[in-house]
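K.L.:
Have a look at this one before I ask anything.
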Amino acid sequence: MAKVRVRYTDLFAQTIQRMREDGLLLVSLGADGKPNVMTIGWGTIGSIWARPVFIVLVRPSRHTYSRLEQIGDFTVNVPPPELAAAVSHCGTVSGRDHNKFREMRLTPIPSREVRPPVIKECVVHYECRTLHRNDLAPDALAEAVRAEFYALGDFHRVYFGEIVAAYADEDAAQRLRPRPAVQ
Ligand SMILES: Cc1cc2nc3c(=O)[nH]c(=O)nc-3n(C[C@H](O)[C@H](O)[C@H](O)COP(=O)(O)O)c2cc1C
């Protein structure tokens, strides 16, 4: 399937919908040259500093965090529903002791603009270059959010990645049609 360039907002609804259904796949790269993939359920796309930006939240305990601190580039890949099991696995085990690409038969292919690869089996790809990173301020969080999501600390670091390339399978909109139940 040929990958065609898209505007970064073209598949916004499908991207957010898939993030809420199964999750998206974030690929980072360590200084050792090894890519790692992890599932993300939180994030958004927007326009900041007159640039298209993908914002992701990564806890310091993740192997991905150490990769992002070494090389700020990352890619966000939108999996089709058929990859649900792989997405779940990538959100359960760590790249510290697993090669998730191999275990889930995901194929890393070179990106167009950044160093970490994209995932061939995914449908939409956003290549991102970190412009800014910032830690959540625990004291500034609503108490309800803090109690629900940060009982153990491990407050997320927020990465603002400029989307320097966005492309998708030609039939992306068709393949990512939402399941009826999730709003
Ligand atoms: C559906 C789903 C969504 C997730 N979203 C996030 C997220 O947005 N940020 C985060 O830090 N961890 C998130 N996780 C947890 C990581 O994906 C998980 O801890 C993963 O094993 C980390 O991999 P790594 O150690 O190789 O980086 C999510 C897990 C699942 C299953």
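The values are calculated or read from the model by the stated rules, or taken from the named source; none is laboratory data. Since the model is a prediction, treat every value here as computed from it, not as a measurement. Reconstructed Cβ throughout: ideal geometry from the backbone, glycine too, with neighbour counts over all protein chains shown.
K.L.:
Starting from region 155-183, keep only residues that are outside any loop (DSSP other than H, G, I, E, B), then list their pairs with residues that are modelled with pLDDT under 90 whose Cβ atoms are within a distance under 6 Å, requiring at least 6 positions of separation or different chains.
P.N.:
Within 6 Å, the pairs are 169/1.
K.L.:
Looking at (1) buried (at least 17 other Cβ atoms within 10 Å of the Cβ); (2) more than 16 Å from the ligand (Cβ to nearest atom); (3) under 16 Å from the mean Cα position of the chain (by Cα), can you tell me which one residue 175 breaks?
P.N.:
Here residue 175 clears every test but (3).
K.L.:
How many of the residues making up region 81-114 are among the small types (Gly, Ala, Ser), within 14 Å of the ligand (Cβ to nearest atom), crowded, with 17+ Cβ neighbours inside 10 Å and closer than 27 Å to residue 4 by Cβ?
P.N.:
Selection size over region 81-114: 1.
K.L.:
Looking at region 24-120, what helices (runs of 4 or more DSSP H) fall wholly within it and have at least 3 residues that are over 25 Å from residue 149 (Cβ atoms)?
P.N.:
Because the criterion is at least 3 residues that are over 25 Å from residue 149 (Cβ atoms), the helices (runs of 4 or more DSSP H) in region 24-120 that meet it are 100-103.
K.L.:
Do we find a residue being within 21 Å of residue 14 (Cα to Cα) and among the basic types (Lys, Arg) anywhere in region 132-152?
P.N.:
Within region 132-152, not a single residue is within 21 Å of residue 14 (Cα to Cα) and among the basic types (Lys, Arg).
K.L.:
Between a residue in region 38-54 that is at pLDDT 95 or above and any residue that is assigned to a strand (DSSP E or B) and within 6 Å of the ligand (Cβ to nearest atom), which pairs come within a Cβ distance under 7 Å, given they are 6 or more apart or on different chains?
P.N.:
42/57; 43/57
K.L.:
While we're on this one: When the residues of region 26-55 are filtered to those that are aliphatic (A, V, I, L, M) and closer than 19 Å to residue 93 by Cα, which remaining residue is farthest from the ligand (Cβ to nearest atom)?
P.N.:
My answer is 29.
K.L.:
Here is a further query. Which number in (1) of a type in the set (A, V, I, L, M); (2) away from the ligand (no atom under 13 Å from the Cβ); (3) closer than 18 Å to residue 56 by Cα; (4) not in a loop (DSSP other than H, G, I, E, B) marks the one condition that residue 144 misses?
P.N.:
Status for residue 144: all satisfied but (3).
K.L.:
Any residue at all in region 132-146 that is surrounded by 14 or more Cβ atoms within 10 Å (Cβ to Cβ), in contact with a helix residue (DSSP H, G or I) (Cβ under 7 Å, 6 or more places away or on another chain) and not basic (Lys, Arg)?
P.N.:
Within region 132-146, none of the residues are surrounded by 14 or more Cβ atoms within 10 Å (Cβ to Cβ), in contact with a helix residue (DSSP H, G or I) (Cβ under 7 Å, 6 or more places away or on another chain) and not basic (Lys, Arg).
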